[in-house]
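Q: Pasting in a structure now, in C-alpha cells, and then I'll have a few things to ask.
Just so it is clear, none of the values below were taken in a lab; they were calculated from the coordinates. This is a predicted model, so every value here is computed, not measured. FYI the Cβ positions are ideal-geometry reconstructions off the backbone, even for glycines, and counts take in every protein chain you see.
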Amino acid sequence: MPETRTAGVTGLGMSVPSRVLTNHDLEQMVETNDAWIRERTGIRERRIAASGESTSSFAFEASLRALNAAGLEPAEVELIIVATATPDMLFPATACLVQHQLGAKRAAAFDLEAGCSSFIYAMAVGAQFISTGCLRNVLVVGADTLSKITDWRDRSTCVLFGDGAGAVVLQPVEPPRGVLSVVLRADGSGADLLKMPAGGSRLPTSEETARSGLHHLVMNGREIFKFAVRAMGEAAAEALRSGGLKQEEVDCFIPHQANVRIIDALAKRLCLPPEKVLINVDRYGNTSSASIPIALYEAVSTGRIKSGSLALLVAFGAGLTWGALALRY
Ligand SMILES: CC(C)(COP(=O)(O)OP(=O)(O)OC[C@H]1O[C@@H](n2cnc3c(N)ncnc32)[C@H](O)[C@@H]1OP(=O)(O)O)[C@@H](O)C(=O)NCCC(=O)NCCS
C-alpha cells in the first residue's frame, strides 16, 4: 500500500482572451447601463473569446504557464483534469485536447463538470490521487467560455459572464503545506435554477431547439443569489472545522467570483475583514470554473498569498453544487 502524502499547489498559470468587453460596450448591445451593472454585480468589464478561440485555447495556455512555474515537463504529467461546463465539444473531453497540445504523452485526461464549483471538485479529485500515493504530478485546470452559450439579447444574464482559464500543478508537499480539508456538496432539486436546456440527450439539438434559443444559459438569478450566500457560508465554515482551523487563521479568502454583493454578504457572514477577501470580478466577470484558479494565481503573483499562507477557496454553481477547500500554500 503506497504511503499517504499531502497534495499541494506547486505551480500556477492563467490565460484570458485579449478582447475586453466593458459595461459601456454592453450599453450598445442591450438595454442596460454601467451604473446598474456595477451596483448590482460589481463588474466593470470582462474578457470575451474570439470566434476561433474555445475553452481548450485558454486551458492550454494556462496549463503551459502552470507547468513552467512548477518546473515540470509535459511528459512528466500523469493526470490532467479540466474542470469545465463549456467543453470544446460534448466529446471527446477537452482534457484530451489539452493533453495532446501539451504533448503530455504519459497523462490520463478527463473533464469534470460541476457547474461553477467544478474547479474545487477537480482539485479535490486531483489531491486524492496524490494523497493515496498513486500519482505525483497532476494538472488541474478550470476553464470556461460561457460567452459561447450566452444569449446576448438577454440583459439579465449577458452582463454577468466572462471567459478564461486558470491552472494549478498539484504535487506531494511537506506538511504543514497542502490541501488541509475539502467539502463537496450537491442538490439536484435545484437543477432548473441554472441550466442550458438543449444540446444533451434530453433535448438533442434540432432546428426547433436552435430556433427557440434553448442552447443558451438560463438562470433564476434571485434564487441563485440566496442559495449562493447560504451554501458557500456553510461549506466554508465546515472546511475550517474539519481542517481544525480557525476563521482568524485565514490569510486570503477566495470565493467564486460571481457577484460582489454575494461576496460581501458571504464575508460578513464569516466575519472576514475586507482586506482578506480577494475580489477580481470587476475585471473578469464570472468566469465560471476559471474564477477561483485565476483569483488564486493573482493572489500568489501579487504576494497576497505567500509560502505558508492559508487560503480558503469556496464555490457554488449549477447542479446545484457547492464546496470549499482549505489550502496552506
Ligand atoms: C442577476 C442579478 C445580478 C440580478 O440582480 P437583482 O438585484 O436580483 O435584480 P432583479 O433580477 O431583481 O432585477 C431587478 C430589475 O433590474 C432589471 N434588470 C435585469 N438585468 C438588468 C440589466 N443588465 N440592466 C438593467 N436592468 C436590468 C430587471 O428586469 C428588473 O426590472 P423590474 O424590476 O422592472 O422587473 C442577481 O440576482 C445575481 O447576481 N444573482 C446570482 C447570479 C449568479 O451568481 N449566477 C452564477 C451562478 S454560478
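Q: Name all residues of region 296-329 having a backbone nitrogen under 20 Å from the label point set 7 Å from the Cα of Ala191 along its Cα→Cβ direction, giving them as ranges.
A: Flagged as within label range: 316-323.
Q: On to the next question. Hey, which of these cross-link pairs are over 29 Å Cα-Cα: Lys148/Lys226; Lys226/Lys246; Lys195/Lys226; Lys105/Lys195; Lys226/Lys276?
A: Lys105/Lys195
Q: A further question on this structure: Alpha carbons only, please: Rg and Dmax for region 179-328, in angstrom.
A: Cα radius of gyration and Dmax of region 179-328 are 17.0, 55 Å respectively.
Q: Another question, if that's okay. Which order do the peptides 228-235, 267-274, 66-73, 207-214 come out in when sorted by mean C-beta neighbours inside 10 angstrom, highest first?
A: 228-235, 66-73, 267-274, 207-214
Q: Further, regarding this structure: Taking the number of other C-beta atoms within 10 Å as the exposure measure, put Asp34, Asp88, Asp111 in order starting with the fewest.
A: Final ranking by Cβ density, sparse to dense: Asp34, Asp88, Asp111.
Q: Under a straight-distance cross-link criterion of Cα-Cα below 12 Å, which aspartates and glutamates are reachable from Lys306, leaving out those fewer than 8 residues away in the same chain?
A: Asp251, Glu298
Q: Would you work out which of Leu266, Ala165, Ser18 lies farthest towards the positive end of the dipole of the chain, given +1 charges on the beta-carbon of Lys and Arg and -1 on that of Asp and Glu, about the Cα centre?
A: Leu266
Q: Over region 1-76, what is the mean sequence separation of C-alpha contacts under 8 Å (at least six apart), divided by residue count, expressed as relative contact order in percent?
A: 45 percent
Q: Would you mind telling me which residue in Pro92, Pro255, Pro74 has the biggest mean-square fluctuation in a Gaussian network model of the chain, where springs connect alpha carbons within a distance under 10 angstrom?
A: Among Pro92, Pro255, Pro74, the largest mean-square fluctuation in the Gaussian network model of the chain belongs to Pro92.
Q: Which helices of the chain meet both criteria: a Cα extent of 27 Å or more along the helical axis and a mean Kyte-Doolittle score no lower than -0.5, with helices taken as whole DSSP H segments?
A: 221-242
Q: A follow-up question, please. I need the phi-derived Karplus couplings for region 275-288: 6.51 cos²θ - 1.76 cosθ + 1.60, θ = phi - 60°, integer Hz, Gly and Pro marked x.
A: Couplings: 5, 9, 9, 7, 10, 9, 4, 4, 9, 10, x, 8, 9, 6 Hz.
Q: Now for a different question. Can you give the helix-only mean residue ellipticity at 222 nm for the chain, where every DSSP H stretch with n ≥ 4 adds -39500 (n - 2.57) and the sum goes over all residues, rounded to the nearest 500 deg cm²/dmol?
A: -9500 deg cm²/dmol
Q: Still on this structure, I have one more. Would you kindly work out the equivalent ellipsoid of the chain from its C-alpha gyration tensor and give its semi-axes, the square roots of five times the eigenvalues, largest first in whole Å?
A: That gives 29, 24, 18 Å for the three semi-axes.
Q: From the convex hull of the Cα coordinates of region 6-175, what is the mean projected area in square nanometres?
A: 10.5 nm²
Q: Turning to a different aspect of this structure: Got the relative contact order for the chain handy, in percent, Cα pairs under 8 Å and 6 or more residues apart?
A: Relative contact order here is 25 percent.
Q: Using packing as a proxy for protection, rank 175-188, 137-150, 6-19 so that the peptide with the highest average count of other Cβ atoms within 10 Å comes first.
A: The densest-packed peptide leads the list: 137-150, 6-19, 175-188.
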